[in-house]
1. Does any residue in segment 49-72 that is within 15 Å of residue 117 (Cα to Cα) come within less than 7 Å, Cβ to Cβ, of a residue that is at pLDDT below 90 six or more places away or on a different chain, and which pairs are these?
2. Could we say that residue 106 is out of contact with any helix residue (DSSP H, G or I) (no Cβ under 9 Å at 6 or more places or on another chain), among the hydroxyl-bearing types (Ser, Thr, Tyr) and either away from the ligand (no atom under 12 Å from the Cβ) or modelled with pLDDT under 95 (or both) here?
3. Quickly run through segment 121-162 and pick out the residues that are of a type outside the set (Lys, Arg), out of contact with any helix residue (DSSP H, G or I) (no Cβ under 6 Å at 6 or more places or on another chain) and within 10 Å of the ligand (Cβ to nearest atom).
4. In segment 288-313, which residues are touching a residue at least 24 places away in the same chain (Cβ under 8 Å) and either over 17 Å from residue 36 (Cβ atoms) or of a type in the set (Gly, Ala, Ser) (or both)?
5. Can you spot a residue in segment 17-38 that is away from the ligand (no atom under 16 Å from the Cβ), surrounded by fewer than 23 Cβ atoms within 10 Å (Cβ to Cβ) and not aliphatic (A, V, I, L, M)?
6. For residue 99, are the conditions met, namely being charged (D, E, K, R), at pLDDT below 95 and assigned to a loop (DSSP other than H, G, I, E, B)?
7. Which is at pLDDT below 95, surrounded by fewer than 21 Cβ atoms within 10 Å (Cβ to Cβ) and of a type in the set (A, V, I, L, M), of 125, 64?
8. Restricting to segment 271-311, count the residues that are within 16 Å of the ligand (Cβ to nearest atom) and of a type in the set (Asp, Glu).
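The values are calculated or read from the model by the stated rules, or taken from the named source; none is laboratory data. Since the model is a prediction, treat every value here as computed from it, not as a measurement. So basically every Cβ, Gly included, is an ideal-geometry build from the backbone, and we count neighbours across all protein chains shown.
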Amino acid sequence: MRKVTAIAPANIAFIKYWGRKDEKLRLPANNSLAMNLSNVFTITTVEFLENLKQDQIKMAGEKLDDKSKKRIVDHLERIRNLANIKVHARVVTKNNFPKGTGIASSASGFAALTLAASKSAGLNLSEKELSIIARQGSGSACRSIPDGFTEWIAGNSSETSFAHSIFPANWWKICDITVLISKTSKKVSSSEGHDLAESSPFYPVRIADMENKVSEIKIAIKGKNFEKFGEILEEEAINMHAVMMTSRPAILYWLPKTLELILLIREWRSNNLPIFFTIDAGPSVHLICEKENEMKVTQMLSKSGFKDFIVNNPSSGAKLVDDNLF
Ligand code: PMV
């Protein structure tokens, strides 16, 4: 057993995972499709040590609450069971972005933890196996394992629910400009949100259309048809938030600035700037544009008072690195 460090990107879903058919196994109600992000990531070092009485978990620059710690310990337990070991681990993890801002820190976090911990425990897992395990820590984490543009196949058992790469990172020069709207943590976690999804009267209507949406967006990405891709992307984000807003109790992730930016994007688009948005479970807005328009968009953002943003290109998935955090 050795000390191992892994890095994994966050990912932005173009077709979202919201609601699941098996809560415990984290089997989603539908396939989802995402792109890994080059500039928002988690680095995690893991070492299993004979002399530890319990797992020691630290997050650089942040205090981990008991619930998050327990989720990490449960994940280590999955890996211990697979490797047939009983030893506890020391884990140090570091995000390069703030928590709870609509960037899915659990995705990059559980992807990096899965790769680092499994290697450290002496396992040599395939990409598919890593994705299956990452999924059990946080659903969207399974999409941060493979490279580039990924699809998570919902499946109907733990072994059949995993993500794979559908296009490499260099397939399409598009970017995600993530505009941070608020740095305070969201009040309803995505885990709680998934459980509430079914209570929305619009949920069955949403789910009935997902297969169609996934295949349409795949065709648009394959053909690099940005307009069609953008239309589906934006419609999908609004659709998911409509389900969130109409669940019982209602979940409102948008803040006034979120809506202000949505309206601005529409205005820029009507002035011939091809730009679209998507939003995850938080107030941050992900602006999606072609790389050639990146400068124009960042200038417009700054001019409009939105100065806190991160530009992301499509990225590879989780990988091992040499620099250990301890
Ligand atoms: O993996 P979770 O439980 O954090 O859920 C992610 C939910 C969304 O970000 C809103 C959508 C998605 O597919 O990433």
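1. The qualifying pairs are 57/64.
2. No.
3. 139
4. 289, 290, 292, 294, 297, 298, 300, 301, 304, 306, 308, 309
5. To start, the set of residues in segment 17-38 that are away from the ligand (no atom under 16 Å from the Cβ) comprises 38.
With the extra rule that they be surrounded by fewer than 23 Cβ atoms within 10 Å (Cβ to Cβ), the set shrinks to 38.
This time we only want the ones that are not aliphatic (A, V, I, L, M), so: 38.
The answer is yes, given that some residue of segment 17-38 is away from the ligand (no atom under 16 Å from the Cβ), surrounded by fewer than 23 Cβ atoms within 10 Å (Cβ to Cβ) and not aliphatic (A, V, I, L, M).
6. When the stated conditions are applied, residue 99 passes them.
7. Working: 125 fails: at pLDDT below 95.
Answer to the check: 64.
8. Residues flagged as within 16 Å of the ligand (Cβ to nearest atom) and of a type in the set (Asp, Glu) within segment 271-311 amount to 1.
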